[in-house]
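Everything on this sheet refers to the single structure shown next.
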Amino acid sequence: MRFPYYPGCTLKTTAKNFEISAIASARALGIELVELPRWNCCGAVYSLVSDNLMSYLAPIRNLIRVQEMNEKGILENEYRLVTLCDMCYNTLKRANLLVKEDPEKLEKINTFMDREEDYKGNVEVLHFLEVLRDVGFKKVEEKVKNPLKGLKIAPYYGCMILRPRGIGIDDPEDPKILNELLEALGAEVVDNPYKVRCCGSYQTVNRKYVVAELAHDILSHTVREGAEAIALSCPLCSFNLDDRQKEVKELHPNFREIPVFYFTQLMAIAFGLEEKSYGLNLNYVDPRPLLKNKKLLKTPLHTGGDMF
């Protein structure tokens, strides 16, 4: 099973641990993620102004790359574009829906991008979690060699993978997809209402202590519910809930750090893949002591066995 894959900017920089663990876990399931050639930034956020067509050029250009891959024989009739980043998913999916529903806007965009082939509106944008759901969590469970037994994980969804309705991949008020995946991996799922609360998003750029307070609320509530770690699917959420724990401790000295995983890292661990595919050294709060305590890691901590 081969899918065109859009990585986006963050997965090539600060979220390399997300990409490397996803590609390795997908391969274990018989899924090949084929990176788009000549991809560009999706624009990071979806424009709030529907008639500002310039903001849709970047995401639509990436969808044209999918068409080209099929025309050049890199793929055979596979027009489902897979993303990992929630922000990229939201931006690409909404831009795609806009031009599919408004032929006039699509024509204007195609006319403006006169050096590109016309976008035909034939691409479907998927989040990797949707691919896993389609494959079946039963099949995911069958690949588990190192079950996450005894590991208490709280799923965190945030905003962009769930909203708005029609774009989100699950119920925005009571999502289950991450819960079901974690259960298939053998983890003990700790559910709580803070799983859909906004992490602060891009306010982290110039209002980092506002975001730190939001992170404190989310993380502290999660700990009180009994979770030992958090699992999520968004690089921006990861930064705000993981890296911003430094600022949380400045504001709340008694705060106890909690590890934050990408769901693909937990997949790689549960599948018993090579530890270098986990990318744990790139997590801000080191999750390796917790994993060692649960007997889920074999390499001694001082050896750096999971380095790239």
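The values are calculated or read from the model by the stated rules, or taken from the named source; none is laboratory data. Remember, it's a predicted structure, so these values are computed and weren't measured experimentally. Using ideal geometry, Cβ is built from the backbone for each residue, glycine included, and neighbour counts are taken over all protein chains shown. With ligands, DNA and RNA removed, areas are computed over all heavy atoms of the protein, side chains included. Shrake-Rupley method; radii C 1.70, N 1.55, O 1.52, S 1.80 Å.
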Residues of segment 127-166 that turn out to be touching a residue at least 40 places away in the same chain (Cβ under 8 Å) and open to solvent by less than 10 Å² (accessible area, probe 1.4 Å), as a count: 15
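Of all the residues that make up segment 2-50, how many are on the phi > 0 side of the Ramachandran plot and open to solvent by 10 Å² or more (accessible area, probe 1.4 Å)?
Qualifying residue count, segment 2-50: 4.
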Qualifying residue in segment 33-44 (condition: under 21 Å from P164 (Cα atoms) and small (G, A, S)): yes
Among the candidates G305, G226, residue that is more than 25 Å from T91 (Cβ to Cβ), part of a loop (DSSP other than H, G, I, E, B), at pLDDT below 95 and over 22 Å from the mean Cα position of the chain (by Cα): G305
Residue check for I74: open to solvent by less than 20 Å² (accessible area, probe 1.4 Å) and of a type in the set (A, V, I, L, M): no
